[in-house]
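Asker: Take a look at this one; I'll ask things after.
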Amino acid sequence: MDEFRTIARLWPTGTEVDLGADSNILGGPGTFTRNAAPFVTVDGTTNYQFLFWNTGRHITSKRRVRWNFSVLGWGTWTATRWYGIPSPGGTGPARVRADAFTIGLDTRLSPTPIDPSSTYAPGAWPSSGDDHVISTTAGPANVVAVDPLSSYEFAGWMQLIWGGDPTGEFVETDSGTGGTIGGSGFYDHVVGGSFPVARNGSADLIAAYGYRDTGGFRIPKWLDEMIRERPPFKIPPRQFDPSPEDWIRLKFLQELLVKTQPQASPEHAGTDFQALIEAAPRMKADELKRSIQSLKSTLNLGATALKSLESKLKGGK
């Protein structure tokens, strides 16, 4: 059984607010349509204005969204309508502000998404020391997105519109997901996307980010979770009939053999260890540390399993 649910958050803090329960269990394919109210109030005093939907796979300023689900098998699909404090009247300051947003985590990212290859008037960026802002007073700006940002792939620009877009609807689907939320191919990857802003123009932008590429080598998810929960990870020796630990050992060996055997065709020959070597030059310090720790844990566990097999082989002679 799968669940489709919607929630509401406040921009830019990400604080979740209670606007009523909206949870739907799917026993098969289904279609849902939701219209975000242009204004909401949480405390009965402050009005918050609609900004955008995080559909679960894209972001859109359309107030009306329709979800068509046919693949299913993904568990819980969450969509969020985002609200903020209405901006004062007028055209706003002559500047463009850009914030990064991760679709999967449904939150704003701290680093600036403005790439140094962006074009602007001399001295316009960073504006007043803020690397999220480019001044347009002295000339136009063409904002290019950092890609990737903290290993997240760029998924497109969206300009914030207070009140959102009341015309038409945005159609979201789970087509092509393979029943998995957040994996490679689940989000768009927009390459070379830029956003132009005229001289003296004003714009508030969101740079959406989707798939997070952790770089080449990955130990199995089930093993990574066990290592994190029980460091240092050790498998007790087998003493009786197959126990849960034995099944874990066999599962690990099965996946290890698959990962380390050559591929069928020469042009695709290689292993995950080779992928790790190739990915190393692109990794940042924190990614290198995680990969080293995961690789050490994998090799230690493999050595333990190998000794167990060799011991069993000798004992059976």
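Asker: Quick one: is residue 61 surrounded by fewer than 17 Cβ atoms within 10 Å (Cβ to Cβ) and at pLDDT 95 or above?
Answerer: no
The rows are residues; the columns are (1) closer than 27 Å to residue 190 by Cα; (2) without any contact (Cβ under 8 Å) to a residue 24 or more places away in the chain; (3) among the aliphatic types (A, V, I, L, M).
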position	(1), (2), (3)
10	yes, no, yes
23	no, yes, no
29	no, no, no
42	no, no, yes
48	no, no, no
76	yes, no, no
92	no, no, no
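Asker: Any residue in the stretch 29-46 that is under 26 Å from residue 207 (Cα atoms), surrounded by 20 or more Cβ atoms within 10 Å (Cβ to Cβ) and β-branched (Val, Ile, Thr)?
Answerer: No: the stretch 29-46 contains no residue that is under 26 Å from residue 207 (Cα atoms), surrounded by 20 or more Cβ atoms within 10 Å (Cβ to Cβ) and β-branched (Val, Ile, Thr).
Asker: Looking at (1) part of a strand (DSSP E or B); (2) surrounded by 18 or more Cβ atoms within 10 Å (Cβ to Cβ), find the lone condition where residue 112 falls short.
Answerer: Among (1) part of a strand (DSSP E or B); (2) surrounded by 18 or more Cβ atoms within 10 Å (Cβ to Cβ), residue 112 violates only (1).
Asker: Looking only at residues that are small (Gly, Ala, Ser) and touching a Lys or Arg at 6+ places or on another chain (Cβ under 9 Å) in the stretch 156-180, which one is farthest from residue 208 (Cα to Cα)?
Answerer: Selected residue: 168.
The values are calculated or read from the model by the stated rules, or taken from the named source; none is laboratory data. Note that the structure is a prediction, hence the values are computed from the model and not measured. Note: ideal-geometry Cβ built from the backbone for every residue, glycine included; neighbour counts use all protein chains shown.
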